[in-house]
Amino acid sequence: LAGKGHKTDTIAFPKRTTTTGKLLDGYLKESTNLDDHAVHLLFSANRWQEAQAIRQAVAQHTTVICDRYAYSGVAFSAAKSLDFTWCQQPDKGLPEPDLVFYMSASPEVLNARDGFGTERYEKVEFQTKVRVNYERFAALESGSGRWVNVDSARSIEDVHRDILGVVLDTMSREHGELGKLWSK
């Protein structure tokens, strides 16, 4: 996008440099244990810490790309048997994304990738449960035009080409006000 003249900003969640992010980093690396409800709320707080920056960037016509967001938080926490709807509530009102790319791959494909398995949630059995929740979102979001399933087991070049095409198409017609997540 930047190469095509678009202003962009990226945010990876959790943002591990913030106060909540440092707590979450320890939790993800399994050096700290926390109650599942409490950790879900920390992930949400981490996103809320960046909400105003996202709004400001969008107001300045900057495309904001988030690596993981509220959907991810719900999918992972609900995989730990927390109520799906309860998991959505703390993120209600966050800046609503124009697009959500679900980078799907089987847990076996994920397990074969370099670096997979170094953090708490990177276990094949758990990823299988997470995948079910992403599929639930896909069903809930069907028809919204927001949710895009991407087979990430393909080459990086193929995935990039497909995503770029969808993003450029969306950017050519998106000009509305930034919505609030799950507020309808």
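The values are calculated or read from the model by the stated rules, or taken from the named source; none is laboratory data. None of the values given here were measured: they were computed from a predicted structure. Neighbour counts run over all protein chains shown; Cβ positions are idealised from the backbone, glycine included.
Values for this structure:
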{"quantity": "Candidate set: the stretch 157-170, residues that are of a type in the set (Asp, Glu) and exposed (fewer than 12 other Cβ atoms within 10 Å of the Cβ); chosen: the one nearest to residue 100 (Cα to Cα)", "calculated": "169"}
{"quantity": "Which numbered condition residue 73 fails, given (1) free of Cβ contacts under 8 Å to residues at least 24 places away in the same chain; (2) crowded, with 16+ Cβ neighbours inside 10 Å; (3) of a type outside the set (S, T, N, Q)", "calculated": "(1)"}
{"quantity": "Any pair with Cβ under 9 angstrom, 6 or more apart, that starts in the stretch 6-19 at a residue that is without any contact (Cβ under 8 Å) to a residue 12 or more places away in the chain and ends at one that is among the basic types (Lys, Arg) and surrounded by 11 or more Cβ atoms within 10 Å (Cβ to Cβ)", "calculated": "16/22"}
{"quantity": "Scan of the stretch 157-184 for residues that are of a type outside the set (A, V, I, L, M, F, W, C) and touching a residue at least 24 places away in the same chain (Cβ under 8 Å), ordered by number", "calculated": "170, 174, 179, 180, 183"}
{"quantity": "Residue check, residue 30 at pLDDT below 95 and either at positive phi or in contact with a strand residue (DSSP E or B) (Cβ under 7 Å, 6 or more places away or on another chain) (or both)", "calculated": "yes"}
{"quantity": "Selection status of residue 136, modelled with pLDDT of 95 or more and not aromatic (Phe, Trp, Tyr)", "calculated": "yes"}
{"quantity": "Residue count for the stretch 14-63, restricted to those that are among the polar types (S, T, N, Q), in a loop (DSSP other than H, G, I, E, B) and exposed (fewer than 12 other Cβ atoms within 10 Å of the Cβ)", "calculated": "4"}
{"quantity": "Residue in the stretch 146-156 that is surrounded by 13 or more Cβ atoms within 10 Å (Cβ to Cβ), touching a residue at least 60 places away in the same chain (Cβ under 8 Å) and not basic (Lys, Arg) present", "calculated": "no"}
{"quantity": "Subset of the stretch 92-144 (residues that are under 13 Å from the mean Cα position of the chain (by Cα), within 19 Å of residue 180 (Cβ to Cβ) and either surrounded by fewer than 16 Cβ atoms within 10 Å (Cβ to Cβ) or not aromatic (Phe, Trp, Tyr) (or both))", "calculated": "94, 95, 96, 97, 98, 99, 100"}
{"quantity": "Index of the failed condition, residue 8 passing every other in (1) of a type in the set (Ser, Thr, Tyr); (2) farther than 24 Å from residue 152 by Cβ; (3) over 13 Å from the mean Cα position of the chain (by Cα)", "calculated": "(2)"}
{"quantity": "Conditions (1) over 30 Å from residue 26 (Cβ atoms); (2) touching a helix residue (DSSP H, G or I) at 6+ places or on another chain (Cβ under 8 Å); (3) not in a loop (DSSP other than H, G, I, E, B): number failed by residue 153", "calculated": "(3)"}
{"quantity": "Within the stretch 151-163, considering residues that are aliphatic (A, V, I, L, M) and modelled with pLDDT of 95 or more, the one farthest from residue 70 (Cα to Cα)", "calculated": "159"}
{"quantity": "Members of the stretch 105-131 that are touching a Phe, Trp or Tyr at 6+ places or on another chain (Cβ under 7 Å) and either assigned to a strand (DSSP E or B) or β-branched (Val, Ile, Thr) (or both)", "calculated": "130"}
